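To start, the structure under review is shown below, and the notes come after it.
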Amino acid sequence: MEPSKKRILWIDDEIDLLRPHIILLNQRGYDVTTATNGEDAIELASVEQFDLIFLDESMMGMSGLETLGFLKDIDPSTPVVMVTKNEAEDLMEEAIGRKINDYLTKPVNPAQILAACKKFLETRRITEQKITQDYLQGFTEISRRLYGFQDWSDWLDIYIKLVNWSIELDKHPELGFHQTLKDQWRECNAEFGKFFENNYESWLRGDDPSAPKLSPQIADKFLLPKLQNGRPTFFFVIDCMRLDQWLMMEELIRPYFTVQKDYYCSIVPTSTPYARNAIFAGLFPSEIQKHYPQWWSGDALGVSEHSQNAHEKQLLDALIKRKRITLKNELSYVKIIDTDYGKKIENDILRYARNHLTAIVINAVDMIAHSRSDYPILKEIAPDESAYRSLTKSWFQHSSFLGMLKTLSQIKDINIVITTDHGSVRCMHPVKAMGDRDTSTCLRFKYGKNVKTEARNAMMIKNPEAYKLPSHGMNTNYIVAKEDTYFVYPTDFNHYAQRYRDSFQHGGISLEEMILPVIILEPR
């Protein structure tokens with residue numbers, strides 16, 4: 001079945017002079033209807049559907065601008081291209097203000113008309129053809145690299161490509177690449193898990209020159225140098241934010257800031273008590289426990305996650321003092337865990353800008369991830385990865401966080417650093433884990449005495465000290481889930497497997513949880 005012809009309405013009181021253009025458009029497969037005045041054009045547009053309208057500005061009777069208003073009232077989605085001899089800037093601005101879609105100056109040549117038709121009528125088809133070609137090439141390239149020699153930079157590049165393709169293909173679901181991309185994500189995560197397990201210890205020892213920056217190095221690398229210029233500095237840590245989620249937010253802040261991105265790798269477990277404490281302390285968890293035992297409860301059983309990160313201000317303050325940095329005034333620290341408090345901080349943000357350093361932790365993205373498991377309506381709103389990204393963007397668009405950034409963009413001499421402690425992964429495959437009653441309850445990692453699972457599903461950490469993790473005496477070990485698995489105890493296995501299937505979790509080893517952005521914003 002042949003696709004229906006695209007319909008064009010061309011309005012011009014000298015339409016006979018444009019017959020060569022109209023014949024050309026007919027030859028190119030377009031169906032062109034003509035009108036010589038605004039009144040006839042409005043009547044036609046009221047009863048027929050057109051895909052594109054060419055509109056002369058200067059006509060007898062109703063002017064082009066007047067006609068434009070009526071046409072937009074009839075169907076605001078139909079693109080209108082104004083064609084005129086008048087090059088006056090004020091006319092152009094008036095047309096733009098009335099939502100003209102394009103503007104051509106007479107005399108027009110066939111190439112200009114064809115270009116306008118392709119722009120408004122063929123862009124999607126041309127774009128989809130190009131995307132299909134590029135994705136298939138990209139798919140082949142990633143598959144080739146997946147089984148060759150890899151270092152951190154290879155995985156960073158692969159991950160960024162996968163994220164960008166995920167966002168791009170969200171816009172073109174009709175291309176049918178959803179399952180292909182999903183399968184490639186799984187394949188890449190399986191190989192990344194092997195790569196990480198084989199290399200992580202050498203990264204921790206510091207004997208791999210290609211190693212990524214890790215959580216404890218973030219403040220030293222990206223935050224503390226900013227303090228040297230004396231400007232007010234804001235350090236935002238968005239709990240549980242993935243790269244794809246940041247890219248959705250970035251679209252909304254680019255009018256206000258230039259954006260510079262770098263990347264780092266989270267330590268394991270990719271859980272807030274470990275990863276975020278490591279960021280603020282500039283130390284690995286075992287080092288925090290050793291040097292600041294009064295501030296470490298990061299893996300204490302039965303302690304709430306909020307309490308496990310209750311000393312982030314003290315840890316950051318201690319880091320600043322160890323580095324012999326003198327602040328102009330006291331470090332300010334804020335943790336936003338509800339909407340009302342976020343709005344209060346947004347309203348007070350200029351007062352915080354008087355401080356040398358303000359650290360702000362925002363929990364909203366983490367709350368979205370975990371609430372999706374608890375509330376069926378959220379799972380209905382965000383049934384898959386694409387909708388999860390969209391939900392994050394919708395939150396950010398109306399959030400106090402965006403309000404803060406907009407206000408701060410008005411201050412030219414300011415430092416803004418944004419990062420996250422870990423990402424999250426959509427968990428689809430339950431695996432059995434065994435341990436005693438004192439074993440931790442996390443779904444993506446567990447620690448305790450003789451904790452066990454199948455080796456193919458997890459990284460087994462039998463010597464926590466080598467991984468710079470706290471040890472809890474003899475026979476204490478950790479298991480860290482890989483790919484999209486999650487741990488369930490054998491007791492009532494099917495019930496809990498079903499309850500947590502298709503939930504976003506963190507703590508384990510996956511591209512989404514571990515490869516994280518660090519963003520530097522400069523006001524425009």
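The values are calculated or read from the model by the stated rules, or taken from the named source; none is laboratory data. Bear in mind that the values here come from a model prediction, so they are computed numbers and not experimental data. Virtual Cβ from ideal backbone geometry, glycine too; neighbours counted across all protein chains shown.
Of all residues in segment 30-69, count the ones that are assigned to a loop (DSSP other than H, G, I, E, B) and either of a type in the set (Phe, Trp, Tyr) or surrounded by 13 or more Cβ atoms within 10 Å (Cβ to Cβ) (or both).
Residues in segment 30-69 being assigned to a loop (DSSP other than H, G, I, E, B) and either of a type in the set (Phe, Trp, Tyr) or surrounded by 13 or more Cβ atoms within 10 Å (Cβ to Cβ) (or both): 10 in total.
State the number of residues belonging to segment 181-202 that are surrounded by 15 or more Cβ atoms within 10 Å (Cβ to Cβ) and among the hydroxyl-bearing types (Ser, Thr, Tyr).
The qualifying residues number 1.
Would you confirm, using the coordinates I've provided, whether residue 60 is without any contact (Cβ under 8 Å) to a residue 12 or more places away in the chain, assigned by TED's automatic domain parsing to the domain that holds residue 18 and over 23 Å from residue 7 (Cβ atoms)?
Here the answer is no, as residue 60 does not meet what is asked.
Please find, among 160, 131, 167, the residue that is more than 17 Å from residue 385 (Cα to Cα) and β-branched (Val, Ile, Thr).
The unique qualifying residue is 131.
Looking at segment 412-425, is at least one residue more than 25 Å from the chain's Cα centre (by Cα) and either over 27 Å from residue 193 (Cβ atoms) or not assigned by TED's automatic domain parsing to the domain that holds residue 274 (or both)?
Yes: one or more hits.
Among residues belonging to segment 451-487 that are charged (D, E, K, R) and in a helix (DSSP H, G or I), point out the one that is farthest from residue 268 (Cα to Cα).
Selected residue: 456.
Kindly indicate whether residue 53 is touching a residue at least 12 places away in the same chain (Cβ under 8 Å) and within 17 Å of residue 121 (Cβ to Cβ).
yes
Determine, yes or no, whether residue 245 is outside the structural domain of residue 445 (by TED's automatic domain parsing) and either within 24 Å of the chain's Cα centre (by Cα) or in a loop (DSSP other than H, G, I, E, B) (or both).
yes
Answer with yes or no whether residue 311 is surrounded by 20 or more Cβ atoms within 10 Å (Cβ to Cβ) and either free of Cβ contacts under 8 Å to residues at least 24 places away in the same chain or not small (Gly, Ala, Ser) (or both).
So residue 311 passes the test.
Starting from residues that are without any contact (Cβ under 8 Å) to a residue 60 or more places away in the chain and touching an Asp or Glu at 6+ places or on another chain (Cβ under 6 Å), keep the ones in segment 70-85 and report whichever is surrounded by the most Cβ atoms within 10 Å (Cβ to Cβ).
82
Checking the condition outside any loop (DSSP other than H, G, I, E, B), modelled with pLDDT under 95 and in contact with a strand residue (DSSP E or B) (Cβ under 8 Å, 6 or more places away or on another chain), which residue from 18, 9 passes?
18
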